[in-house]
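*Asks:* One structure follows; several queries about it will come next.
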Amino acid sequence: MKLIFEKSKDGRGSVLLPPCDVPETELKSCYKREKELRLEALPETDISRHYTELADRVYGVNNGFYPLGSCTMKYNPKINDEIAGLPGFADIHPLQPDQTVQGALEGLYKAEEYLDEITGMDHFTFQPAAGAHGEFTGLKLIKAYHEKRGDSKRNKIIVPDSAHGTNPASAAMAGFEVINIPSAEKGLVDIEALKGAVGEDTAGFMLTNPNTLGLFDENILAITKIVHEAGGLNYYDGANLNAIMGIARPGDMGFDVMHLNLHKTFSTPHGGGGPGSGPVGCKEVLAPFLPIPRVVKEGNCYALLEEGADSIGRVRGFYGNFLVIVRALTYILTLGGDGLKSTSENAVLNANYLMEGLKDTYTVPFAGHCMHEFVISLEELKKETGVSALDMAKALLDYGVHPPTMYFPLIVHEAFMLEPTETESRENLDRVIAIYKELYEAAKNNPEEVKNSPKKTVIGRPDEVMAARNPVIRYEFPV
Amino acid sequence: MGTYVPNTEKEQKEMLELLGVTGMEELFGAIPGEVLLDRPLKLKDGISEMQVKNMMAGMAGKNKVFSSLFRGCGAYRHYIPAIVKQVTAKEEFMTAYTPYQAEISQGTLQAIFEFQTMISELTGLRAANASVYDGCTAAAEAVIMCREKKRNKMLLSGAMNPQIIETVKTYMAGTGTEIRVVPVADGVTDKTELKRLLDEKTACFLVQQPNYYGLLEDYEDLGKLTKEAGAKYVMSCNPVLLGILKTPGEYGADIAVGEGQPLGLPLAYGGPYLGFMTADASLMRKLPGRIVGETLDGRGEKAYVLTLQAREQHIRREKASSSICSNEALCALTASVYLSAMGKEGLRQAATLSMSKAHYLAERLCGIEGFSMAYEGDYVNEFTVVYNGNSGKLMQGLESYGILGGLPLKGKDYGKIIWCATEMNSREEIDELIDRIKEVLSREVDI
């Protein structure tokens with residue numbers, strides 16, 4: 001398919017702006033760009049068709065099953081988008097006086113209260129624009145906390161090796177040294193390893209729970225206690241909160257600070273890689289360090305507080321990805337407390353149902369019920385047939401379903417990590433189970449065929465090595 | 001109870017039976033009893049779509065949407081062509097995840113590749129990434145790119161938007177980096193001070209085009225001074241104005257960053273916005289976040305993939321160039337559609353109209369007693385005025401007429417107001433603003 005630059009022609013385009021109705025001001029030549037901008041306007045027909053063609057080459061949640069483990073690709077209700085598009089939300093300037101944006105501030109304030117209750121935290125900031133940004137912000141709070149107490153030797157963050165890559169990367173960015181500890185069986189925290197790692201230099205410990213194998217750590221209270229007794233703080237990565245809403249709360253498990261991914265659990269569309277929203281929650285003890293601005297309630301009025309003596313400062317320009325928060329608020333109000341609990345229950349039910357359907361065909365490495373996601377191993381299949389998890393993922397594309405997360409967590413070889421979410425019906429799960437079984441047979445009987453997949457997609461497997469070795473990251477205009 | 005669960009209660013029960021459990025609680029058996037929540041969440045019960053729509057519309061109704069708006073300072077109201085919203089509302093673009101599976105994500109990947117090309121053309125620098133959170137974090141990420149073992153002093157022009165300075169300071173706190181703000185003289189970076197501060201330990205100097213006060217600085221000279229000291233030159237730019245202004249590439253900048261909101265994104269009370277970043281090709285592998293590259297597939301056809309991933313957190317973990325994972329992909333798509341609709345001519349028109357309206361506004365405003373230009377320098381779409389009355393009362397008066405005036409400054413800049421105009425402000429609107437200001441002033445003799 002052609003690039004948009006290959007479709008444009010000089011002089012085309014629509015009349016979008018009116019003529020100038022004031023005396024025209026000429027820019028002094030010393031400030032003028034010298035090289036002409038190579039950007040031709042397209043007629044609206046061509047723009048519309050170009051992006052329709054591109055959209056046809058994208059698979060979204062609306063196209064079908066999308067079980068990316070730890071990504072919580074649930075269906076995104078349209079009402080959320082409609083509300084976010086209301087002029088009262090979309091067309092207000094971030095520097096309007098507080099008294100003219102009372103609805104926006106009220107929404108932010110209420111959303112904070114709701115998330116406090118859902119997670120057991122005391123405060124939330126909506127400033128971070130994504131999950132990793134939330135991690136960075138939460139870790140800065142931990143840093144500020146120790147520094148305020150004059151405990152500046154605490155410069156290490158402990159991270160299990162099963163953690164998402166963003167955890168150690170955010171810790172390093174926030175100025176910490178990262179201590180990786182190995183996981184015990186089932187990807188749970190190795191208590192002895194943790195005990196050995198904590199000490200006078202421990203600033204904090206980061207954990208995803210339920211973990212990336214979809215298992216809730218049964219030692220959770222012991223774990224957070226070990227870290228607290230060593231003088232460190234506990235950070236909860238909320239990537240997997242969809243499993244436990246209304247059932248258990250990080251704030252009751254000994255966590256001091258956490259982030260949520262509104263674009264996962266609270267059903268705001270992910271847009272092909274953002275915008276997300278990564279609000280950070282914390283206990284009272286960390287509240288003074290929260291980034292500015294903060295929404296406060298004074299009597300019946302809401303205000304945006306731009307200062308805080310002990311605040312870590314600003315981590316982004318204006319206050320958060322507001323329209324994403326509006327979507328999440330709409331979602332929370334629609335579901336209510338009872339609906340949120342039912343959401344988590346059904347997320348867990350669907351995951352167990354799918355696992356049950358697959359367990360006779362594929363290897364499920366850990367027995368027992370899973371939470372919202374589970375991992376299967378294709379190691380046996382690979383040994384027998386030479387067909388890898390990557391091959392199987394590519395073959396799934398030809399069946400019109402999105403592959404699961406692959407090769408993660410590393411503790412399981414040839415891993416597929418599946419998170420069906422609560423928004424899939426039983427028939428869909430049955431259909432997927434049938435596809436997976438059919439594919440398994442295909443791998444056994446006709447491995448070469450599977451290794452040569454996909455065949456029905458608009459491109460075959462891309463050469464990633466070539467892309468990285470000789471990077472071409474923009475279009476070159478003909479001279 | 002509102003719900004998005006398709007399975008009925010009967011079906012749920014059947015599924016539970018099939019799993020051999022008696023109820024939902026049993027599925028959560030692994031959670032220790034001490035941490036199970038022994039009460040319902042203290043939230044109201046769910047409601048219907050119609051009720052939630054009314055409730056949220058009520059909330060939106062408590063916000064005042066100004067039809068006449070003269071405020072910028074980091075968020076600009078430009079005209080958004082109708083095609084932009086239609087394209088970005090397409091469900092496939094909206095509901096897809098990060099394009100890990102290239103074979104079924106060519107649409108997203110190609111759109112990002114086109115975005116990277118457009119941003120590269122706008123800034124005159126070769127290597128763009130797929131976006132970061134916003135303009136402020138883009139500046140912070142640029143500072144991180146410039147850090148070297150022997151060069152850990154970062155200079156920021158004091159004439160940059162204070163939000164950028166604050167964000168960079170937060171990002172760099174506790175990382176062993178020294179941040180120095182270069183003083184301002186006559187509304188622009190004080191060159192003498194810059195010269196004094198630049199040394200062999202300086203990693204970079206950041207400046208804004210146009211700056212916070214709306215002024216164009218001597219970017220040529222600032223760049224020369226910075227490069228002479230062996231430091232990197234970073235410019236933070238307004239992308240719409242790059243339709244007419246000399247580019248960071250032409251000024252010899254190493255990195256260009258900026259807030260992409262003016263490119264077709266609504267004001268949205270501050271987000272989601274779009275941080276863009278471009279760098280000289282030599283710095284490509286230091287860029288943070290996603291980058292899309294061109295390659296071939298097994299059939300020999302052109303294909304797009306996420307590339308140079310060895311920089312990123314999922315591979316490098318604590319050694320990654322940044323922890324960024326999700327960026328602002330849909331906002332980048334918005335900017336691409338906007339730029340395709342506007343083209344170079346439309347962009348030039350938007351920039352020139354903004355500039356002309358701002359100059360007309362400045363002239364009319366300074367015709368009122370008590371208002372005068374704060375600086376003599378050249379400006380484009382924003383300018384700073386000294387007002388010797390009570391600006392709070394003036395703004396309140398204007399608000400009662402449905403007008404959002406310029407932004408009154410605080411602290412060291414108290415007494416100044418930054419005004420902004422774009423193509424959205426008609427002459428009639430500007431004339432009305434002037435009349436209203438006079439009215440407010442005559443009514444309240446004490447302000």
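*Asks:* Give, as a single signed number, the net charge of other residues whose beta carbon lies under 13 Å from the beta carbon of A:Ala230, with Lys and Arg counted +1 and Asp and Glu -1. Intermediate values should be presented prior to the final figure.
*Replies:* Details: positive: A:Lys153, A:Arg154, A:Lys156, A:Lys195, A:Lys225; negative: A:Asp151, A:Glu200, A:Asp201, A:Glu229.
With Lys, Arg at +1 and Asp, Glu at -1, the net is +1.
*Asks:* Exceeding 28 Å between C-alpha atoms, which entries from my cross-link table qualify? They are A:Lys383/A:Lys455; A:Lys359/B:Lys302; B:Lys191/B:Lys410; A:Lys78/A:Lys186. Walk me through the numbers before you get to the answer.
*Replies:* On the way: A:Lys383/A:Lys455 24 Å; A:Lys359/B:Lys302 39 Å; B:Lys191/B:Lys410 25 Å; A:Lys78/A:Lys186 38 Å.
The answer is A:Lys359/B:Lys302; A:Lys78/A:Lys186.
*Asks:* With a 10 Å Cβ neighbour count serving as the proxy for reagent exposure, in which order, fewest first, do A:Lys264, A:Lys341, B:Lys149 appear?
*Replies:* Working: A:Lys264 28, A:Lys341 22, B:Lys149 5.
The most exposed by this proxy come first: B:Lys149, A:Lys341, A:Lys264.
*Asks:* So, in Å, what gap is there between the alpha-carbon centers of the range A:202-263 and the range B:229-277?
*Replies:* So the two Cα centres are separated by 39 Å.
*Asks:* Please report the relative contact order for chain A, taking Cα pairs under 8 Å with a sequence separation of at least 6, and give it as a percent rounded to a whole number.
*Replies:* On the way: 830 pairs, mean separation 86.9, N = 479.
It rounds to 18 percent for chain A.
*Asks:* Excluding A:Ile157 itself, calculate the net charge of residues whose Cβ lies under 11 Å from the Cβ of A:Ile157, where each Lys or Arg counts +1 and each Asp or Glu counts -1.
*Replies:* Combined, the nearby Lys, Arg, Asp and Glu give -1.
*Asks:* Considering every residue in B:329-342, what mean count of other chain Cβ atoms within 10 Å of its Cβ is obtained?
*Replies:* Working: counts 7, 7, 4, 5, 5, 1, 0, 4, 6, 0, 4, 14, 8, 6.
Rounded to a whole number, the mean comes out at 5.
*Asks:* Listing A:His146, A:His228 from the residue with the fewest other Cβ atoms within 10 Å to the one with the most, what is the order?
*Replies:* A:His228, A:His146
*Asks:* List the pairs from A:Lys156/A:Lys195; A:Lys2/A:Lys394; B:Lys64/B:Lys438 whose alpha-carbon separation is above 21 Å, in the order I gave them. Please report the intermediate quantities before stating the final value.
*Replies:* Details: A:Lys156/A:Lys195 14 Å; A:Lys2/A:Lys394 25 Å; B:Lys64/B:Lys438 23 Å.
As for pairs spanning more than 21 Å Cα to Cα, those are A:Lys2/A:Lys394; B:Lys64/B:Lys438.
*Asks:* Using Cβ counts within 10 Å as a stand-in for footprinting exposure, how do A:Leu39, A:Leu260 rank, fewest first? Don't jump to the answer; show the numbers that get you there.
*Replies:* On the way: A:Leu39 21, A:Leu260 29.
Ranking A:Leu39, A:Leu260 by Cβ neighbours within 10 Å, fewest first, gives A:Leu39, A:Leu260.
*Asks:* Taking square-rooted eigenvalues a ≥ b ≥ c of the alpha carbon gyration tensor, is the protein assembly as shown rounded, prolate or oblate, where a/c under 1.5 means rounded and, failing that, a/b exceeding b/c means prolate?
*Replies:* Details: a/c = 1.62, a/b = 1.46, b/c = 1.11.
Verdict is prolate for the protein assembly as shown.
*Asks:* Next question, about the same structure. Counting each DSSP H run of 4 or more residues in the protein assembly as shown as -39500 (n - 2.57), what helix-only mean residue ellipticity at 222 nm follows after dividing by all residues, to the nearest 500 deg cm²/dmol? Walk me through the numbers on the way to the answer.
*Replies:* Details: 29 runs with 338 residues, N = 926.
Helix contribution divided over all residues of the protein assembly as shown: -11000 deg cm²/dmol.
*Asks:* Looking only at other chains, what is the average number of their beta-carbon atoms within 10 angstrom of each beta-carbon in B:9-19? Intermediate results must be reported in sequence, preceding the final value.
*Replies:* Working: counts 1, 0, 4, 7, 0, 2, 8, 4, 0, 5, 6.
The mean count of partner-chain Cβ atoms within 10 Å per residue comes to 3.
*Asks:* What whole-number distance in Å separates the alpha-carbon centres of the range B:331-355 and the range B:374-447?
*Replies:* 27 Å
*Asks:* Here's a follow-up. Under 18 Å Cα-Cα from B:Lys150, which lysines qualify once same-chain neighbours fewer than 8 residues away are excluded?
*Replies:* Cross-link targets: B:Lys201, B:Lys227, B:Lys232, B:Lys286.
*Asks:* Next question, about the same structure. Report for the protein assembly as shown the percent antiparallel among DSSP-assigned beta bridges with both residues inside it, nearest 5. All intermediate terms of the calculation are to be shown ahead of the outcome.
*Replies:* On the way: 51 of 88 bridges.
Within the protein assembly as shown, antiparallel bridges account for around 60 percent of the total.
*Asks:* Also: Express the relative contact order of the range B:93-215 as a whole percentage, based on alpha carbon pairs under 8 Å and six or more residues apart in sequence. Show your work: numbers first, answer last.
*Replies:* On the way: 137 pairs, mean separation 30.8, N = 123.
After rounding, I find 25 percent.
*Asks:* Does chain A come out rounded, prolate or oblate by the C-alpha gyration tensor, with a ≥ b ≥ c the root eigenvalues, rounded set by a/c under 1.5 and, if not, prolate when a/b is larger than b/c and oblate if not?
*Replies:* oblate
*Asks:* Add +1 for every Lys or Arg and -1 for every Asp or Glu among the other residues with Cβ under 15 Å from the Cβ of B:Lys53, and state the total. Let's see the in-between values first.
*Replies:* Working: positive: A:Lys78, A:Arg327; negative: A:Asp81, A:Glu82, B:Glu49.
Here the charged neighbours net out to -1.
*Asks:* With contacts defined as alpha carbon pairs under 8 Å and 6 or more residues apart, what's the relative contact order of chain B in percent? Walk me through the numbers before you get to the answer.
*Replies:* Details: 772 pairs, mean separation 88.4, N = 447.
After rounding, I find 20 percent.
*Asks:* Further, regarding this structure: Take peptide A:66-77, look around each residue's Cβ out to 10 angstrom, count Cβ atoms belonging to other protein chains, and average those counts.
*Replies:* Mean partner shielding for this stretch: 2.
*Asks:* Oh, and also: Can you give me the Cα centroid spacing of the range A:379-439 and the range B:146-215 in angstrom?
*Replies:* 50 Å
*Asks:* Show me the ranking of peptides A:197-207, B:237-247, B:370-380 by mean Cβ neighbours inside 10 Å, starting with the highest. Write out the running numbers ahead of the final one.
*Replies:* Working: A:197-207: 21.8, B:237-247: 24.5, B:370-380: 17.5.
By packing density, highest mean first, the sequence is B:237-247, A:197-207, B:370-380.
*Asks:* Counting only pairs 8 or more residues apart or on different chains, how many lysine pairs in the range A:202-358 have their Cα atoms under 24 Å apart? List each step's numbers first, then the result.
*Replies:* Working: A:Lys225/A:Lys283; A:Lys264/A:Lys283; A:Lys264/A:Lys341; A:Lys283/A:Lys297; A:Lys283/A:Lys341.
Eligible lysine pairs with Cα atoms under 24 Å apart amount to 5.
Only the coordinates and a few stated rules stand behind these numbers; no lab work does. All values reported here derive from a predicted model rather than from experimental measurement. Note: ideal-geometry Cβ built from the backbone for every residue, glycine included; neighbour counts use all protein chains shown.
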